[in-house]
Amino acid sequence: MELLSHVIATYHEVALKGGNRGFFERTLLRNVRTALKGLPVAEVSLPARVVVRFSQPVAWNDVRLRLSTVFGLNGLIPVTLVGTIYADLERWVEEHADQLAGTSFAVRCKRSDKRFPMTSMEVDRTLGSRINVLTGMRVDLTSPDVELHVLLQNDGIYVYRHRVPGPGGLPVGTSGRVLVLLSGGIDSPVAAYLAMKRGTKAHYVHFHSAPYTSDASVRKVEEIARILNRHQGPSRLFVVPFGDCQREIVALAPEKLRVVLYRRAMLRVAERIARRTRCQAIVTGESLNQVASQTLENMAAIDRVAHLPVLRPVVGFDKQEIIALAERIGTYELSILPHQDCCSFLQPQHPATRTTHRACEAAEAALDVDGWARRLQHEAETRAILPLPWADAPSAPVPEPVTCPVS
Ligand code: ATP
Ligand code: MG
């Protein structure tokens, strides 16, 4: 197990922000501190890169997992602080020469402390000859067996051998707030992840058809939200009982319009919740043409009931890409557990692929759509969702059998 006392994380897009850079950096630092809560962090500072100092050695794997959830970080580097002057660097190399095994090597120095008395090229060369004498390895700058990176920073000289990519994006909390329609399927958790990756904080809304179906989807969505919240900390899940509204749509509207009418009804409720919770946009997991309800025509008919922007972060992804991302995020295993989705409840045989707003409006004349939106908003149950603790492996809820057969 690799132990370390310091880790450095690099950021890229945050550094490109002009006048707002301070705000982005402060948010990033706060998110790093939150992600590392529970570990013995002594100091988190920011001289061009995020430098974390621990008061006692911690497992690199633990730190890597946690920092991989902090959007805005581009590279994660397990480093060793060797001292402040060149002699410290040479001494470290002498003490660790036996760990530099191979036939060729390269020293790659970066000097961000411009007061350091040697240039990075001088460090490369001087340290390179020392390593050559100590180990007998030859210098190979193109494909060496061993790479030794040296960072000359204002706060000291660091060395490292390897780095891993961070999650990229922008720090959560820098781009406003969104409400994610979270279904328990594969796509919407990925959409939530991508919205957070662009710096938004997310609340969630889930529609279920209990007691006509089981409430397994609710527990599943809650579990998924806990995994997602590792990226952003606590947020809220609004759980909306949607079954009676669906039954009215089934009873009073044309069968082939059902799915689009369900979505429009969901969006009306979501928008009310979004306004109440100061969310500035709605996020869905729709991808273009993936299923009948996701044609451009149907999306247009759905969006006509919205006043807030409807963001669809996975719109251009195919299913395999979405699945690959879901696996990486850790939501896939939960998403594929069987549950009865409210949209498979009372699903039409042949859903329309080319609905128009006008056709939907005509169908909705028989329904009290605003009344439903108002009622469901009030009936929505609010749940506080804490991030899944780091000690826990992602736990899967046990799916329950359907309690009432679907007619
Ligand atoms: P997902 O895998 O996210 O369920 P999907 O490919 O199954 O998506 P649909 O079932 O048509 O597609 O749903 C499209 C989007 O509508 C979902 O991604 C989600 O954002 C939203 N949605 C669908 N059902 C629900 C639900 N029961 N509660 C909340 N949002 C939902
Ligand atoms: Mg679905």
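The values are calculated or read from the model by the stated rules, or taken from the named source; none is laboratory data. Everything numeric here is computed off the predicted structure, so don't read it as measured data. All Cβ positions, glycine included, derive from the backbone under ideal geometry; neighbour counts span all protein chains shown. Each accessible area value is taken on the protein alone, full model and side chains, heavy atoms only, with ligands, DNA and RNA left out. Shrake-Rupley method; radii C 1.70, N 1.55, O 1.52, S 1.80 Å.
Within the group Ser214, Ser287, which residue is at pLDDT below 95, within 30 Å of Val70 (Cβ to Cβ) and surrounded by fewer than 23 Cβ atoms within 10 Å (Cβ to Cβ)? I'd like the intermediate steps shown before the answer.
Values: Ser214 fails: within 30 Å of Val70 (Cβ to Cβ).
Exactly one residue qualifies, and that residue is Ser287.
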Hey, among His231, His208, which residue is within 12 Å of the chain's Cα centre (by Cα) and open to solvent by 10 Å² or more (accessible area, probe 1.4 Å)?
-> His231
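Which members of the range 69-128 meet the condition of being under 12 Å from Val159 (Cβ atoms) and without any contact (Cβ under 8 Å) to a residue 12 or more places away in the chain? Break it down stepwise before answering.
We begin by selecting, within the range 69-128, every residue under 12 Å from Val159 (Cβ atoms); these are 77-83, 88-93, 95-96, 99-100, 107-110, 123, 127.
If the condition is that a residue be under 12 Å from Val159 (Cβ atoms) and without any contact (Cβ under 8 Å) to a residue 12 or more places away in the chain, then Arg91, Glu95, His96, Gln99 are the ones that fit.
Out of Pro254, Pro313, which single residue is over 17 Å from Leu376 (Cβ atoms) and modelled with pLDDT of 95 or more? Steps first, please.
On the way: Pro254 fails: modelled with pLDDT of 95 or more.
After applying the criteria, what remains is Pro313.
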Please state which of the following conditions Thr277 fails to meet, knowing it meets all the rest: (1) touching a residue at least 60 places away in the same chain (Cβ under 8 Å); (2) touching a helix residue (DSSP H, G or I) at 6+ places or on another chain (Cβ under 6 Å); (3) over 28 Å from Glu333 (Cβ atoms).
-> (2)
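Give the range 175-189 a look and list any residue that's within 12 Å of ligand 1 (Cβ to nearest atom) and on the phi > 0 side of the Ramachandran plot, or say none.
Here is the first cut: in the range 175-189, the residues within 12 Å of ligand 1 (Cβ to nearest atom) are 178-189.
The answer is Gly184, and nothing else.
Scan the range 220-228 and give yes if some residue there is in a strand (DSSP E or B), in contact (Cβ under 8 Å) with a residue 60 or more places away in the chain and within 25 Å of Leu386 (Cα to Cα), otherwise no.
Step one: list which residues in the range 220-228 are in a strand (DSSP E or B), which gives none.
No: zero hits.
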Number of the exception - Glu297 against (1) open to solvent by 60 Å² or more (accessible area, probe 1.4 Å); (2) near ligand 1 (Cβ under 10 Å from one of its atoms) = (2)
All conditions in (1) open to solvent by 10 Å² or more (accessible area, probe 1.4 Å); (2) within 16 Å of ligand 2 (Cβ to nearest atom) are true of Leu182 except (1)
For Glu255, indicate whether it is farther than 19 Å from Ala362 by Cβ, open to solvent by 10 Å² or more (accessible area, probe 1.4 Å) and more than 11 Å from ligand 1 (Cβ to nearest atom).
-> no
Return yes or no: is Leu267 out of contact with any Phe, Trp or Tyr (no Cβ under 7 Å at 6 or more places or on another chain), under 22 Å from Glu361 (Cα atoms) and open to solvent by 10 Å² or more (accessible area, probe 1.4 Å)?
-> no
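From the list Leu237, Leu179, which one is in contact with a His (Cβ under 6 Å, 6 or more places away or on another chain) and not in a helix (DSSP H, G or I)?
On the way: Leu237 fails: in contact with a His (Cβ under 6 Å, 6 or more places away or on another chain).
When all the criteria are applied, what remains is Leu179.
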